[in-house]
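Participant: One structure, as structure tokens, below. Some questions next.
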């Protein structure tokens, strides 16, 4: 860049470099790839070979509406390839004047592009938050390592193409998925995001089960929802022709990486019909699933959600108590909070429910109700987390699950469980496969040994609530 040309902003210097090399596809792509405006330009231009020119023409056209002489000067210099001396002669100005006007033109052009870029980021955030409809929280506890690890998997340009967050109800799968999306939409790894919820109901912190519309998701329902979110301008015509809708969606997701989230996959009526549809849409796009049931029949990277540790649970309880101005919990000692963890373990939903209940009732009464399965809120908690899974268990799986509280807290192998269940070991192994698929039993150990254990909340649940169901 000539010494006489002074450009103050980073965007101005970027645009100057792009204008100088706009015919060099590889160089232009490298310079512009971090701009959110660039991917739509690639799509609109039909490929990266014309994307830089398209983006610059759009910006210069906008500049021309406000400052025609600035746009004309930049077009003469870079589209027409005229030198400063030639432009100076055409205008009848000194070369130093042309440099000054050119610097001002770049500043104005960069301000326009910077404004468009910021608007694009704001619109991106607004659209994705609207699609998710998961409340934002800046006080998430115990998930930073998972966000970092799974975020790296999702943002990598290679597989796995389908990642599933699996675990028992209330363990924080949806919350983690939403936080991953919030971390990733602040980058340009994905052109766009879509969120499809198959959740039929939710449990609020007051212990009330809230029903939701559209309780199940079909393969066609997934396609329709994705087309509506990602291609709103043409969705009306596409939805009238399912085959065209699927074809358009495939083209869109194959054109550039998208991240698609399907929340509560376990409520889908026919997963075997849905998964082939998903597998036809991956690469370079990726899918993030949340499910209470393990997806075992397809090429899915399964991540089992862990319980919070005791200290993490205490942090979550105190944080939620501070938001609700429940000062007795905020200043409570670890010993005061220990009975909570002994009863429900590190299940975030149960911890939040207990925290909210302390507004009206003493903690010891809430703990007693949990252990004795008393009260509407407690019954709703157990129903929300366990009832559907319980209904889908075989008789032998129920028998093994009911025996789990008799096993050591650290877990035991199938041979020990077979002894206390009075079942054959192969039958116990089959039952454990069923229970782990439903996220009711956790698996630990190494390559040569496996131990099976249950969450503390599951232990409490089995000692009382399940007796009413049986």
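Participant: Considering each residue of segment 16-35, count those that are within 33 Å of the chain's Cα centre (by Cα) and crowded, with 18+ Cβ neighbours inside 10 Å, and give that number.
Facilitator: Looking only at that region, the number is 4.
Participant: Quick one: which residue in 39, 43 is on the phi < 0 side of the Ramachandran plot, surrounded by 18 or more Cβ atoms within 10 Å (Cβ to Cβ), part of a helix (DSSP H, G or I) and in the same structural domain as residue 105 (by TED's automatic domain parsing)? Break it down stepwise before answering.
Facilitator: Working: 43 fails: surrounded by 18 or more Cβ atoms within 10 Å (Cβ to Cβ).
Result: 39 is the single residue among 39, 43 that is on the phi < 0 side of the Ramachandran plot, surrounded by 18 or more Cβ atoms within 10 Å (Cβ to Cβ), part of a helix (DSSP H, G or I) and in the same structural domain as residue 105 (by TED's automatic domain parsing).
Participant: Something else about it: When you go through 429, 441, 400 one by one, which is the residue that is surrounded by 14 or more Cβ atoms within 10 Å (Cβ to Cβ), more than 30 Å from residue 353 (Cα to Cα) and outside the structural domain of residue 291 (by TED's automatic domain parsing)?
Facilitator: Exactly one of 429, 441, 400 is surrounded by 14 or more Cβ atoms within 10 Å (Cβ to Cβ), more than 30 Å from residue 353 (Cα to Cα) and outside the structural domain of residue 291 (by TED's automatic domain parsing), namely 429.
Participant: Looking at segment 126-155, which of its residues are surrounded by 13 or more Cβ atoms within 10 Å (Cβ to Cβ) and part of a helix (DSSP H, G or I)?
Facilitator: Within segment 126-155, 127, 128, 129, 131, 132, 146, 147, 150, 151, 153, 154, 155 meet the criteria.
The values are calculated or read from the model by the stated rules, or taken from the named source; none is laboratory data. Since the structure is predicted, the reported quantities are computational estimates derived from the model, not experimental observations. Methodologically, a virtual Cβ is constructed for each residue, glycine included, from the backbone with ideal geometry; neighbour enumeration extends over all protein chains shown.
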